[in-house]
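Report on the structure given below.
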Number of protein chains: 2
Amino acid sequence: MPLPASVTSGQGEFAIDGQFTVGFKGYTEARLERARSRFLDVLIRETGIPFSREAAPAEAKFAIEVKGPSEAIEKLGEDESYRLTVAPEGVKLTAANPLGALHGLQTFLQLVRITPHGFTVPAVTIDDKPRFAWRGLMIDSGRHFIPIPVIERNLDAMEAVKLNVFHWHLSDDQGFRVESKVFPLLQLKGSGGQFYTQEEIRHIVAYARDRGIRVVPEFDMPAHAQSWFAGYPNLASGKGPYEPAKQWGVLDAAMDPTRESTFQFLNLFIGEMTGLFPDAYFHVGGDECNGKEWDANPAIQEFKKKHELKDNAALQAYFTARVQKLVASHHRIMEGWDEVLQPDTPKDVVIQSWRGRDSLLDAARRGYRGLLSNGYYIDLNQPASEHYLVDPLEGIADKLTPEQTASILGGEATIWSEFVTGETIDSRVWPRTAAIAERFWSPATVRDVDSMYARMELEAQRLQDYGITPKATTEEMLDRMSGETNPEALRVLARVVEPPKGYAREDIHTYGTESPLNRLVDAVPPESETAREFHAICVRIAAGKAMPEDWQSARDWLVLWLDNDAKLEPTLARSDLTAELVPVSKSLEQTAEIGLSALDSLRGGKAISFGEQKQALAALAEAEKPQAVLLQMVAPSVELLVKAEKVQQ
Amino acid sequence: MPLPASVTSGQGEFAIDGQFTVGFKGYTEARLERARSRFLDVLIRETGIPFSREAAPAEAKFAIEVKGPSEAIEKLGEDESYRLTVAPEGVKLTAANPLGALHGLQTFLQLVRITPHGFTVPAVTIDDKPRFAWRGLMIDSGRHFIPIPVIERNLDAMEAVKLNVFHWHLSDDQGFRVESKVFPLLQLKGSGGQFYTQEEIRHIVAYARDRGIRVVPEFDMPAHAQSWFAGYPNLASGKGPYEPAKQWGVLDAAMDPTRESTFQFLNLFIGEMTGLFPDAYFHVGGDECNGKEWDANPAIQEFKKKHELKDNAALQAYFTARVQKLVASHHRIMEGWDEVLQPDTPKDVVIQSWRGRDSLLDAARRGYRGLLSNGYYIDLNQPASEHYLVDPLEGIADKLTPEQTASILGGEATIWSEFVTGETIDSRVWPRTAAIAERFWSPATVRDVDSMYARMELEAQRLQDYGITPKATTEEMLDRMSGETNPEALRVLARVVEPPKGYAREDIHTYGTESPLNRLVDAVPPESETAREFHAICVRIAAGKAMPEDWQSARDWLVLWLDNDAKLEPTLARSDLTAELVPVSKSLEQTAEIGLSALDSLRGGKAISFGEQKQALAALAEAEKPQAVLLQMVAPSVELLVKAEKVQQ
C-alpha cells in the first residue's frame, strides 16, 4: 500500500536470510547510504534477523542502480519512478534519482512475508510512479504542540506509504511554535513554553529530505494568529491585551492590514522563516477571518473607505496581495487556503481547498494550481473507506481541459489538533492515511474498499516497525483508565465504540487547550475493526446469505457483550475516567440481548410481533445516539438483524 | 517500589487537577528544572492531564525545598535521603541535595492513583534513604550492540526505581563499542559498524547525571578482548589474525601482559576513556582468562620463568597490578570482577562478585570493598522472587565486623547480552530489576514475595510511562511470527511458556552473533504471569483449600488450552518461526486434558487407578522438559492436581 502502477508476477521467490546484503551500483550519495541503513533497520524489525551493518559489498544480493542525483532542494514534480525486479537469484532496483530508489526500498519492505521456509519476497517486476506529484500530510502543531519524536515517526510512516509533502501548521490562535530570533516574543509569549528551536526545525527539514519529503511551513494569517499578538500586540486589529487562546473555534483576533508596520514585521519574519524552510512553497493560511476586529476598529473602517475596499473580503484580498509580494520577494511561491483566491491573485499561487472540489474546479478554470484537502480531514474520525473514495479529480476532470486537469497537483490529509495530542495523534493519522496515500499514488481505478481494508490492516501491523504503535497506546490508556482493576472488560467495550464523526464532539461538550484528552473517546481508534467485522456477519445473516460459521460467530460476540457489563462494573466504580461509561456499557448489554433474541428468531424462522420489533428498534435507536461522547457501533448491526426478522401479521 | 524506609499515613488525599504546579523554594539549578520538566512529562503520561509547562510559580501546590548542590561529579555515598509530605492542601518535598529530590519526585509519581473523584495521592509522610550506596544495573553492549534510545529508556527506568549506578560493559570478544580517537581501529575493525560515538557517550553520561545515576565504564581485559585485536593484533598473545568473535563463551584470546607496548597502549587508552567517563571508578573486568594463549606463546612462558610467576593466575595478578597503577595514575579507582583480587591488590580496588557471596566475604575480611552480582544475573531468566530474596549481606553479616560489613557497598543486576538485543532487552531487564532495586534500597526486612509481585506488576504498568513497553514488544514479535494469520492462539500459547533457566539455552542449541533472536523463546517474558496465577489456584485446590471460584477458573484455563492446538494449527503451518512449536502446542493440549480429568476426579471425590496416575505423571514429566527451547509452565501445576487425586488401593 499504495498499490504500484504496474505489477507483473514472476516465478518463485527470493529468500531473505542472514547473508542478505544491499549494495549500490553507479551513483550513490550519503542520503542513499542512510536510506540503506534505515532500510536494514526496518528489515531487522520485520524479520528479527541481525543483518550485517558493514559497508555494502560490490556484488550484493540487492543491487540498487541510481542514475544520478535529484535536485538539491526537492522540487515539485521531480521524477519519482522506479523499477523493482525480484527474482529467486537476487533483487534489482533502478531509478532515475534517489527519490525513486527511496520508494522502491519501501515497496520491497512491504513485500516481505513469513513462510514455512523463512522470510521471502515473491518474484515480481514492478514499474511504479505516482499519479499525483503533491501527496501530503498536514500536522497542526499550533493547537496542541506535537513533540519532535512524534513528528519524526510520522515522517517515517509517510516515507513508508510514499507521501512526499509534510505540511506543518506551525501557528494558530492557541500557540506559536517556532523559535524566532528576530521576534523572540512570538515563542516566549505565544507558546506556553512549547515550541521548536531553529535547530530542531533544521533537523526535521533534513530528516524529511532524507525520506524524499518536502516540508512546507504554514503560518496562518491574518486570522488564526492570536498567539502572535501576546508578544506583539501592535500587529493586531483589536486593543488587546492578548494571550494565546484557550478555547477552540473561529476567533475574532486578526492582524491589522492597514498599518505599514504589519508588513514590515511580516517581511522580516518571512525572511527569517524562509531561511529555515528551503522549500519553494510557503503557506500563509488565510482561512476563517471573521472580520469582527476589523469592523470594531475605526481606523480600519477609515482605511477601507479611503481605499474603496467595499467589504472585509476586499480588505483581506488587499492583505493577501501584499503578503504575496513579500513571499515572492523572498523567492517563494505562496500557498493558501481557498480564501486567498481573489480576482487579482497572482497565477502561481497554489490553492489548498478545505471547502471542497468546487473551489478547486473554480481555481483550475481560472488557471490556478490547487490541491484537495476537503474529504481528507482525518481529525473528523470518519471511516477510511470514505476518505479513500474521495478523488481529487472525480467529477471535475471532465469539466476541465487536460492542462487545467494537470494543474490539480494532488491532495493532503490534514490532522487538526483540537482533539489530538502527541499521545493520541498516531491513532488518528494511522493507518487511515495509508489509504489516502494510495489514492494520491495509485491509478484512479484502484478503488476496491474490501481490498483496501485488508491491505490497510496489514500495513497497520507493519507501521509498528516504523514506531507507529497506536494499538499499544490504546492499551496503555485503558490501563491508565482502569487503575488497579483488570482492564479486560474495558477492552471489550473499547473495541466496539468509536468517537463521534465530523464536528459532533464539539457540539456535545466544550473543550479547550486545558481539557484532558484521556477518556475512552481519546483512547479508541476512529474506526472499530471488531464492529466492521461483526457488521459484515450481520449483513450476510440479514440477507439470508450467512456462511456456516457466521451464526456461531455472531452468537459468541453477542454473548461476550451481554456478559461484559457485570465484569466492567468494578472498573466503572473505581475510576473517574470510566464513570461516564456506565450507560454505554448498559446500552451494549441491552443491544446484545436484542441481538441474541433476533438471532434466535432468524435461526429458528420464528416470527415476532410488530410491537416487539418496534420496541427493539426504538431501543436500538436510543443506543445509536452518542453517549459519553462515544458511538456504540454494535447497535446498527443488530438493527439489521431485527429488521430481517419475520413479523407476525 | 522500592518501599521507602519509613511511611506514616495521614488523613485524606491530595487531588491532582489541571491547576497542579511544581515550584522550588530555596536552592535550584538547571538539573532540577529539567527534573521538574521530566516529572511533569511522566505525570502527563500517568494522567493524561495537560499540566501547564510554564515556569513554576512562587507558591506551587508541590513545593520542593533543596538545601544545596550535590557534588559536581556524583560521589559514592552522597546523601540521597528525602522527606515527602503529602497533605490534602499540598505537597512538600525536602532534601539535602538534588539527589534526594530526584528520588522524592519518583516516589510521588508512584503514589498517583485513579479514584472515582479523579487522580489523587493519599496523605502520607515518607522519610526515606537507601540501604546501600551502590545500586547498579550492568548492561552488556559488547555481545549485542544496544542502541542509544534503549540505553536512555533504561536510565529513565533506573531513575524510576532509584538505581544509581549504570555499569556499562563496553567491550568484549564480540565487539568494541566506543569510538576511540587515539586508537580508531578499535571501533573501525572491532565493532561491525556498531559503536557509540564520543558525543553519544558524553550525552549518556550527562543524561545519567541528570537522573542521579553514575556511569561506570567497563573495558574487559586481559581476556574477553578479542575484538580489540582485530585492529591492534600486537596487543594479543596469539599470532592472529583476529576478528571480532561470532560465537559466545570463554575464548582463548588474551592481551599479552609481557610486553611494555601493551601497557603503553593501555595507558593512552585509559587516559582517553577517563576523559569521557568522569566517575571515580573504572572497571577493567578481569574475568575468565583461560590462559591458553599464554600457554601457547613461548615468549610469555619465558617471561613467567624470568619473573618467577608460578602460574597464569600469578601472571594475571602481575597484569592487574600494572593496570591498576595506570588506572590510579589517571585518578580513578579500579574495579574488577572476583579474579582481580590477588594478594597484593591495593586496598581501594572494588571487587564485583559474579562468583558468589563467599568471594565477597573473603574480600571484605581482607579489607576490600565489594558488591554482589551473583544472584542478580537477570539474563538467566529466573523468577523475580529468586533474585528478590538474594541479599548482599545475608549469611555473611554475622561473620564480619561492622566496619567490614560497611565495605559491602551494594550490588548490581547484570544483563549479559548473548540472548538479548535492543528489541528484547526491556523484557529481560524489566520489571524484575525493580524487585532487585527494592532489595538494594529498602530495609532488609522487606521480603514478602506476594507483596513484591503485586507491586511489581503495578510498576511494570507504570514503567510504560517511561517508554519501557515489553508487553507491546511481545505482541509485535508474535505478530511477526504469525504473518498474516490471526495471532490470538499464539498469544494463548505464549502466555504459558518461559525461556529455559540459567545456562540451559546454550546447552540446547549453539548460538552466536549471527543467530536471529526472533523465536517464541525471545518474545516471551522470563516469567509467565498466567502460569503463576494458575499455579496458585492449583496449589489451593491440591491442598483442599480451594476458593469457590477456583474450580471454575481452573476449568476455564484448561479448556482454553485444550482447544488451542486446533486454533494454532494454521499459524504453525504458515510460518518458519512457529513450525518448531508444534510439539509445544500438543504438549499443552495433552497437559490440559490430564488437568481436566484430574479436576473432575478431585471435584467428584473419585479415585483413579495407580496405573492411570503413573501414566499421567509420566506424560507430565515429558511435558516439563524443554521443547523448542521453551518450558511449558502449566504441566508442573497440573502435576500438583494429579498428585492430589485419590488413588484406588
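Worth pointing out:
- Pairwise FRET efficiency - B:VAL182 versus B:ALA280, Cβ, R0 = 25 Å, nearest 0.05: 0.70
- Applying Stokes-Einstein at 4 °C and 1.567 mPa s to the Kirkwood radius of the stretch B:283-334, computed over alpha-carbon pairs, gives a translational diffusion coefficient of 108 µm² s⁻¹.
- D_trans [Stokes-Einstein, Kirkwood Rh over alpha-carbon pairs] for the stretch A:19-88, 37 °C, 0.692 mPa s, µm² s⁻¹: 240 µm²/s
- Relative frequency of Cα-Cα separations exceeding 13 Å in the stretch B:459-532, percent: 71 percent
- Heavy-atom SASA rank of A:LEU186, B:LEU562, B:LEU309 (probe 1.4 Å, accessible area, largest first): B:LEU562, B:LEU309, A:LEU186
- With a Förster radius of 41 Å applied to the beta-carbon distance between A:GLU29 and A:LYS306, the computed FRET efficiency rounds to 0.15.
- Gyration tensor verdict on the stretch A:184-316 (Cα atoms; rounded if a/c is under 1.5, prolate if a/b is larger than b/c, oblate otherwise): prolate
- Shape category assigned to the stretch A:127-201 from the gyration tensor of Cα positions, a/c cut at 1.5: prolate
- Hypothetical label at B:GLU506: residues of the stretch B:251-272 whose amide nitrogen lies under 15 Å (7 Å Cα-Cβ projection): B:251-253
- Cα pair count fraction exceeding 21 Å, expressed as % - the stretch A:299-371: 31 percent
- The stretch B:511-601: Rg to Rh, with Rh as the Kirkwood radius over Cα pairs: 1.07
- In nm, spacing of pseudo-spin labels at A:ALA607 and A:LYS75 (7 Å Cα→C-beta vector): 7.5 nm
- Volume in Å³ per residue [convex hull over Cα atoms, computed for the protein assembly as shown]: 211 Å³
- Gyration tensor verdict on the stretch B:399-534 (Cα atoms; rounded if a/c is under 1.5, prolate if a/b is larger than b/c, oblate otherwise): prolate
- Rounded to the nearest 100, the interface formed by chains A and B buries 2900 square angstrom of accessible surface, both chains summed, with a 1.4 Å probe.
- When the alpha carbon gyration tensor of the stretch A:579-649 is reduced to an equivalent ellipsoid, the three semi-axes, largest first, read 25, 11, 9 Å.
- Rounded to the nearest 0.05, the FRET efficiency derived from the C-beta distance between A:ARG322 and B:ALA296 at R0 = 56 Å is 0.10.
- Among the protein heavy atoms, those of A:VAL539 account for about 70 Å² of accessible surface (1.4 Å probe, every chain in place).
- With Rh defined as the Kirkwood radius, the inverse of the mean 1/r over Cα pairs, the Rg/Rh of the stretch A:203-252 is 1.18.
- Of all chain A residues, the one whose C-beta is nearest the axis that brings A onto B, in angstrom: A:ALA472, 2
- Where A:HIS224, A:HIS535, B:HIS330, A:HIS509 fall by accessible area, highest first, once all protein chains stay in place (1.4 Å): A:HIS509, A:HIS535, B:HIS330, A:HIS224
- Full-stretch length increase - A:ARG491, A:ARG555 - with 0.36 nm per residue and alpha-carbon distance subtracted: 21.1 nm
- Contact residues in the stretch B:568-599 (at least 50 Å² less accessible area with all protein chains than alone, 1.4 Å probe): B:ASP576.
- Averaging the sequence gap over all C-alpha pairs within less than 8 Å and six or more residues apart, then dividing by the number of residues, gives chain A a relative contact order of 11 percent.
- Spacing of the modelled spin labels on A:ARG532 and B:ARG202, each 7 Å from Cα toward Cβ, amounts to 5.0 nm.
- Charge dipole of the stretch B:486-588 (Cα centre as origin; +1 on each Lys and Arg Cβ, -1 on each Asp and Glu Cβ, all else neutral): 260 debye, rounded to the nearest 20.
- Area projected by the alpha carbon convex hull of the stretch B:1-137, averaged over all directions, nm²: 8.4 nm²
- Residues A:THR28, B:THR120, ordered by accessible area of protein heavy atoms at a 1.4 angstrom probe radius and largest first, appear as A:THR28, B:THR120.
- Summed over the residues of the stretch A:404-473 and divided among them, the accessible surface reaches 26 Å² per residue at a probe radius of 1.4 Å.
- When the listed pairs A:LYS567/B:LYS162; B:LYS471/B:LYS643; A:LYS189/B:LYS75; A:LYS189/B:LYS25 are checked against a 30 Å cut-off, the alpha-carbon distance exceeds it for A:LYS567/B:LYS162; B:LYS471/B:LYS643; A:LYS189/B:LYS75.
- √(5λ) per eigenvalue of the Cα gyration tensor, the stretch A:245-401, largest first, Å: 29, 19, 17
- Accessible area of the stretch A:499-649 belonging to carbon and sulfur atoms, whole % at 1.4 Å probe: 55 percent
- For chain B, a Kirkwood radius taken over Cα pairs fed into Stokes-Einstein (10 °C, viscosity 1.306 mPa s) yields D = 59 µm²/s.
- Relative contact order (%) - criterion: Cα under 8 Å, at least six apart; region: the stretch B:534-649: 33 percent
- As a ratio to 2.2 N^0.38 Å, the alpha-carbon radius of gyration computed for the stretch B:376-461 takes the value 1.19.
- Here the dipole of the stretch A:124-225 is about 160 debye; that uses its Cα centre as origin and unit charges on the Cβ of Lys and Arg (positive) and Asp and Glu (negative).
- Spherically averaged projected area in nm², based on the convex hull that wraps the Cα atoms of the stretch B:354-424: 5.2 nm²
- Estimated at the nearest 10 Å², the accessible area of B:SER37 is 40 Å² with a 1.4 Å probe.
- Point-to-point label distance, A:ASP127-A:GLN649, nm (Cα→Cβ direction, 7 Å offset): 6.4 nm
- Basic side chains Lys and Arg get +1 at the Cβ, acidic Asp and Glu get -1 at the Cβ, and with that the dipole of the stretch B:153-274 about its Cα centre reaches some 160 debye.
The values are calculated or read from the model by the stated rules, or taken from the named source; none is laboratory data. Everything numeric here is computed off the predicted structure, so don't read it as measured data. Glycine also receives a Cβ, built like all others from the backbone with ideal geometry; neighbour counts cover every protein chain displayed. Keep in mind that these areas ignore ligands, DNA and RNA; they rest on the heavy atoms of the full protein, side chains included. Shrake-Rupley method; radii C 1.70, N 1.55, O 1.52, S 1.80 Å.
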